[in-house]
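Below: the structure, in C-alpha cells.
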Amino acid sequence: PENIKQIYNPVGTERLESQKFEKPKEIQALKSKYVLLSIGRIELQKDYALLIKGMAHLDDNYGLIIVGDGSERPELERLIDEKKLRQKVKLVGRKDDVLPWLMNATMFILPSVYEGFPNVVLEAFQCGVPVVTTNFECAKELVTEDNGMICESRSPEALARCIKIVSE
C-alpha cells in the first residue's frame, strides 16, 4: 500500500577515494594489473566456486582476493589447486576492517546465487570501486552501467567476460 516505504540499510555518503589506506601485503604480492576483490562468508550461497572458475578464463593481469571464511573454504582451496590458480587467487580469511581491501581493489565481484540487500556493494561504491555481480533479486536496484555490470549468465566464461568489459 501507499503507506509502506522501503528503507535501505544506511551507508555513509562521503566518498573515501581521497583517504589513504595501506595496501594489504596480500594485494601487493599479487602483482596484477587488476585486483578483483570479493568479501563475504564462504558458503554455497555466495558461489565463490563460480568466481574461481571464471578466473581460469582471465589472464595473469587479473588477480583475486577473497576476504572471509566459512564451511566451503576447503573446497575452494581444492578448486584453486585443481585450476592451477594459486598464484592469482588468494583466500585471506576474515578481516575486521575491509576498507583497506576495498580502497586498494580495482573491482568488486559478488557472484552470489541470492542476497538480501548486500551492504558490501554500497561500501564498494563508497570507495569508488565498480561492481560486477550476478543477477540476484535486488541487483538491478544497486548496479547500473554507471557503477558496474550485472552478469546475466551464471557461467564462468560469462562472468570473466563481464569482468573484462568493466576493466576496459
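The table below gives the values:
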| quantity | calculated |
| --- | --- |
| Matching entry among GLU141, GLU115, GLU82 (being among the acidic types (Asp, Glu) and closer than 20 Å to ALA56 by Cα) | GLU82 |
| Extreme residue, most open to solvent (accessible area, probe 1.4 Å), among residues of the range 32-64 that are more than 20 Å from LYS95 (Cβ to Cβ) and hydrophobic (A, V, I, L, M, F, W, C) | LEU44 |
| Residues located in the range 125-148, provided they are closer than 20 Å to GLN45 by Cα and either of a type in the set (A, V, I, L, M) or not in a loop (DSSP other than H, G, I, E, B) (or both) | VAL131, VAL132, THR133, THR134, ALA139, LYS140, GLU141, LEU142, VAL143 |
| Within the range 109-124, tally of residues that are in contact with a Leu (Cβ under 8 Å, 6 or more places away or on another chain) and either within 26 Å of LYS23 (Cβ to Cβ) or buried (at least 23 other Cβ atoms within 10 Å of the Cβ) (or both) | 8 |
| Count - residues of the range 85-94 that are of a type in the set (D, E, K, R) and touching a residue at least 60 places away in the same chain (Cβ under 8 Å) | 1 |
| Residues located in the range 53-64, provided they are assigned to a strand (DSSP E or B) and among the small types (Gly, Ala, Ser) | GLY63 |
| Residues being of a type outside the set (Phe, Trp, Tyr) and open to solvent by less than 30 Å² (accessible area, probe 1.4 Å) - total across the range 129-145 | 9 |
| Restricting the range 65-108 to residues that are among the hydrophobic types (A, V, I, L, M, F, W, C) and assigned to a strand (DSSP E or B), the residue that is surrounded by the fewest Cβ atoms within 10 Å (Cβ to Cβ) | VAL92 |
| Qualifying residue in the range 151-158 (condition: assigned to a helix (DSSP H, G or I), touching a strand residue (DSSP E or B) at 6+ places or on another chain (Cβ under 7 Å) and among the hydrophobic types (A, V, I, L, M, F, W, C)) | yes |
| Tally, over the range 39-51, of residues that are under 21 Å from PRO24 (Cα atoms) and free of Cβ contacts under 8 Å to residues at least 60 places away in the same chain | 2 |
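The values are calculated or read from the model by the stated rules, or taken from the named source; none is laboratory data. Quick caveat: nothing in here was measured; it's all calculated off a predicted structure. In this analysis, Cβ positions are derived from the backbone assuming ideal geometry, glycine residues included, and neighbour counts consider all displayed protein chains. With ligands, DNA and RNA removed, areas are computed over all heavy atoms of the protein, side chains included. Shrake-Rupley method; radii C 1.70, N 1.55, O 1.52, S 1.80 Å.
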